[in-house]
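Below is one structure, written out as structure tokens; comments come after it.
Read the figures in this text as sums done on the coordinates, not as results from a lab. Keep in mind that what you see is a predicted model, and the values were worked out from it rather than measured. Note that we place each Cβ from the backbone using ideal geometry, even for glycine, and neighbour counts take in every protein chain shown.
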Amino acid sequence: MSKKIETFNKEQLKKDLPEIRPGDTVKVYQKIKESFKKGKTEEKKERIQAFEGQVIAKKHGKGVSSTITVQKNISGIRVEKIFPVHSPIIEKIEVIKRAKARRAKLYYLREAKGKRAKLKERPVKK
């Protein structure tokens, strides 16, 4: 039975993902389904929304259940979103900038302000 689960999980893995590390600035393109009523009929639309921010954590390894926590600053308010990396809702993930991080989890950036909240940049390899 476990062989069936393993083969199913391998089929669900995405192959075109970049290497994502804590400290990277990424742009995550997420599919959003919208439904609204137009007269008597209900219309369903699907659009892609981008969420750009800094990866502060990567969890659960490289399997199907792996997630990344992305933090974004919107007019002084920090917003965090947790994305399941191999989810069919995620269209694609782009690495925009790389930064040197000396820790695996950058939770200290939640409270950090000013110079302490900045990470040193590292060149992006394509």
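Table for the structure above
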read-out: The range 72-87, residues that are in contact (Cβ under 8 Å) with a residue 12 or more places away in the chain and either among the charged types (D, E, K, R) or closer than 24 Å to residue 13 by Cα (or both); value: 72, 78, 80, 81, 82, 83, 84, 85, 86
read-out: Residue that is surrounded by 13 or more Cβ atoms within 10 Å (Cβ to Cβ), without any contact (Cβ under 8 Å) to a residue 60 or more places away in the chain and touching a Leu at 6+ places or on another chain (Cβ under 9 Å), where the choices are 56, 68; value: 56
read-out: Residues located in the range 97-126, provided they are loosely packed, with under 12 Cβ neighbours inside 10 Å, assigned to a strand (DSSP E or B) and in contact (Cβ under 8 Å) with a residue 40 or more places away in the chain; value: 100
read-out: Conditions (1) touching a residue at least 40 places away in the same chain (Cβ under 8 Å); (2) part of a loop (DSSP other than H, G, I, E, B); (3) within 11 Å of the chain's Cα centre (by Cα); number of the one not met by residue 30; value: (2)
read-out: Search result, residues across the range 86-96 that are outside any loop (DSSP other than H, G, I, E, B) and aliphatic (A, V, I, L, M); value: 90, 93, 95, 96
